[in-house]
1. Taking chain B as a Gaussian network, Cα atoms linked when under 10 Å apart, which of B:Ala32, B:Ala161, B:Ala215 shows the biggest mean-square fluctuation?
2. I'd like the Kirkwood hydrodynamic radius of region A:57-196, using the inverse of the mean 1/r over distinct C-alpha pairs, in Å.
3. So if the hydrodynamic radius of chain B is defined as the Kirkwood radius over C-alpha pairs, what does Stokes-Einstein give as its diffusion coefficient at 10 °C and 1.306 mPa s, in µm² per second?
4. Of the lysine pairs in region B:248-347, how many meet both conditions: Cα atoms under 19 Å apart, and a spacing of 8 or more in sequence or different chains?
5. Compute the Kirkwood hydrodynamic radius of region B:273-323, taking the inverse of the mean of 1/r over all pairs of distinct Cα atoms, and give it in Å to one decimal.
6. Sort A:Ile105, B:Ile183 by Cβ crowding within 10 Å, fewest neighbours at the top.
7. Over all directions, how big on average is the projection of the convex hull of the alpha-carbon atoms in region B:213-270, in square nanometres?
8. Need the C-alpha centroid separation for region B:309-327 versus region A:78-113, integer Å.
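Any read-out appearing in this document is the output of simple, stated calculations on the displayed coordinates, not a laboratory observation. Computed from a predicted structure; not experimentally measured. Positions of Cβ are generated from backbone atoms using ideal geometry, with glycine treated the same way; all protein chains shown enter the neighbour counts.
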Amino acid sequence: MKIIVCIKQVPDTVDVKIDPKTGNLIREGLPVIINPDDKAGIEAALAIKEQTGATIQVVSMGPPQADVALREALAMGCDEAVLISAREFGGSDTYATSGIIAAAIRKLGMPEILITGRQAIDGDTAQVGPQIGEKLHIPQVSYVEEIQEVTADHLIVKRQFEDGYHIIKIKTPCLLTAIGELAKPRYMTVSGIVEAYNKEIKVLGFEELKDDLELDMIGTKGSPTNVYQSFPKQLKAPGTVLKDMSDDELVAAIMAKLEEKHVI
Amino acid sequence: MSKGIFIVVEQRDGKVQNVGLELIGEATRLKADLGDDVYAVLLGCGIEGEVNKLYHFGADKVILVDSDYLKNYVTEPYTKAVTEVVNKFDPEIMLFGASSIGRDLAPRVASRVKTGLVADTTGLRMAKTEQELQQEAAHGCKDPERALLMTRPAFGGNLLATLMCPRTKPQMATVRPGVMKKIDKDETRTGELIKLDVQFTPEDMNVEIIEAVKANKKMVDITEAKVLVSGGRGAGRDAYEMLRACADELGGEVSASRACVDDQACEWAKTEMQVGQTGKTVRPDLYLACGISGAIQHVAGMENSDLVIAINKNDTAPIFSVSDLGIVGDVKKILPKLTTALKKYNADKLV
């Protein structure tokens, strides 16, 4: 059995700083991490590996520096790492990105189980996973919080909803998108880290994938969506403080504020 | 030519969800600029009884796909049905709720019909200014005056980005629940019902639902909560029930200041609920600070919240300087009254 896990290296958004003049993200000194949902996906794959002897390929699309994330995944116990990287791929939106990753997966050979994180903390779109699934013509279960059974030809998984869950049987090959609840990632081991740095990371670039791509649908120019503008979140206007009013008046003021801000 | 603003209306257990009505409301606002009809796309099994409600909230037409295959949400049959709507009607705009269903369905549909999709939008408008029209045209848009601009947060809400989908139709987006406003219900309003017969085959049901369970969601991590009702020393050692009741009405969670967590006698305040430098950093849509003075270390953990409302007896409490709305008063009296007001509001809101 083969599992492919797709991961993304992301800035740790807890520490994000915005340049107040340009409105751009200040990338210098910003720590980068494996996207948390993806890391839960790695852990889930490792658990299946321990149970079934499956091999795990971990795949990431990004700049050459993304090999740090791939090496971390190797150090956790993944077997092979593949970096999808080319200048032509830069600026791709989710449609273009998923097309490129799908082409890479076909090149690597379809796995029985494909795992992505539900969403990445830098973009929060949750789109790339299902779009890869669509382009590979395989069924999906997203928001997976538990994998209950793994056999050669099917999985049984728990799919989270806002108001409950489904227990779903899905035939392989299939796509699962992982949420944080799926698995608590293990730490890298020292021997794993040493091994990870001795392993070669395979690189798939434009040349390797071009025959299988919609060439007019990749990169900044080919992406169906384009950025019109980006801007920092507006700073708060100074607040008001209400006093010497009756409790009922104060409650009415809170209710009005909640309505105005669409909290209720 | 692509035409019409299409809302894929979410239903669960045969009941139309609020987010669908919110999007129909937003569609009526876009219609004022675009001039196109508002179509509600309703998918499910035995749901024709919900159709009139969609007219009452602003839909001009309802496309109904009623089938056993659509009883529970399953990705493939739903994707097939929506794709068929796109192919048959050629919509200008198509919107989905950014729920765990919409975010599963919309990317499948967008990929299948080969168009762009913008996730989790919080603002929509038609291109109007010269600069907007020019930019659309520069990106290859042939009819800039019919172009949709879609705004969404990125990088954990630190940045907002406005996106366009200039060359492909439909222009598609998912929209966060609770952001757009429903229009006032008008029970005299009616519209045109279009029943669409989609030919499903057993192969479309490519997963099997073994069990579908409705459950109260378990206690979430406070960093994930959209609303936090946070208690400090001023809320009291027995404040939990009061805070919880208010959080329940707001669909939120209870958090606490360090003063409460460190106080052994304050049993309800657990470490995992602590907000601040030594606790967790939170950025909910609403942070309701109850009896929290607002020490710097606390503020560091919550200052990025979208909306901060503080209730405190002391009108010089530092929390007021980081609050959008400060309420000087006794939290033990005001909070229960607020909970009652929210209860009434929520009851009135039910359609």
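1. So, out of B:Ala32, B:Ala161, B:Ala215, the one fluctuating most is B:Ala215.
2. This gives a value of 16.0 Å.
3. Estimated via Stokes-Einstein, D reaches 71 µm²/s.
4. 7
5. Details: mean 1/r = 0.0941 Å⁻¹.
Value: 10.6 Å, from the Cα pair sum.
6. Values: A:Ile105 24, B:Ile183 17.
By the 10 Å Cβ count, ascending, the order reads B:Ile183, A:Ile105.
7. Numbers: hull surface 17.2 nm².
That works out to 4.3 nm².
8. 50 Å
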